[in-house]
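Peer 1: If you scroll down you'll find the structure; I have some questions about it.
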Amino acid sequence: MIFYHYTCIEHIEKIIDDGFLKTSESNVSPSEEHAGPDVVWLLKKPLTGQVPEMLTGRIEASGRSFGIDKSRIRITVDLPLNEVQRADKFWKRHKVEQWWADRLSSLGGKSKVKDWYVILRNIPSEEWVEIGDRYNQNQKIKAGQI
């Protein structure tokens, strides 16, 4: 089944070199890092419009802080449906407090939590369908060209 993973342009070269999408923090706890299993975050529908707050971040360099857009690069993946879980069901399974789930949901902007999914493993490049730049719809890289 087709899903979409988003990242910033600053990370795509390393992802391509590594040959996989690496699991990261699942955000099960607001205070303890890696309280739940690490996951790769996915969306069921491609992003449109304004960047959701959940996909913005900051990096520190030379004592300065820079904003990064983690929605710019879209990696389309084709995954076995039985390995993918809806995020809200994943949170329930890991006993995420409702106030925290509500806060995470509010960061999604137009993206709805029912369209958020996770997978509990790395995603190798063999499962990538396409890489695209949301800011340049004409710039696409087929997985076989990577």
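No value in this document is a laboratory result; all are computed from the given coordinates. Since the model is a prediction, treat every value here as computed from it, not as a measurement. Note: ideal-geometry Cβ built from the backbone for every residue, glycine included; neighbour counts use all protein chains shown.
Peer 1: Which order do peptides 119-129, 31-41 fall in by mean Cβ count within 10 Å, highest first? Walk me through the numbers before you get to the answer.
Peer 2: Values: 119-129: 16.5, 31-41: 14.7.
Result, highest mean first: 119-129, 31-41.
Peer 1: Suppose the chain between His34 and Ile9 were pulled fully straight at 0.36 nm per residue; how much longer would it get relative to their current alpha carbon spacing? List each step's numbers first, then the result.
Peer 2: Numbers: separation 25, 0.36 × 25 = 9.00 nm, distance 2.48 nm.
In short, 6.5 nm is gained.
Peer 1: Also, I was wondering about something else. If I take R0 = 30 Å and measure r between the Cβ atoms of Lys89 and Lys22 in this structure, what FRET efficiency does the formula 1/(1 + (r/R0)^6) give, to the nearest 0.05?
Peer 2: Approximately 0.85, to the nearest 0.05.
Peer 1: Ranking request for peptides 93-100, 8-15: highest mean number of other beta-carbon atoms within 10 Å first, then the rest in descending order.
Peer 2: By packing density, highest mean first, the sequence is 8-15, 93-100.
Peer 1: With a 10 Å Cβ neighbour count serving as the proxy for reagent exposure, in which order, fewest first, do Tyr4, Tyr117, Tyr135 appear?
Peer 2: Tyr135, Tyr4, Tyr117
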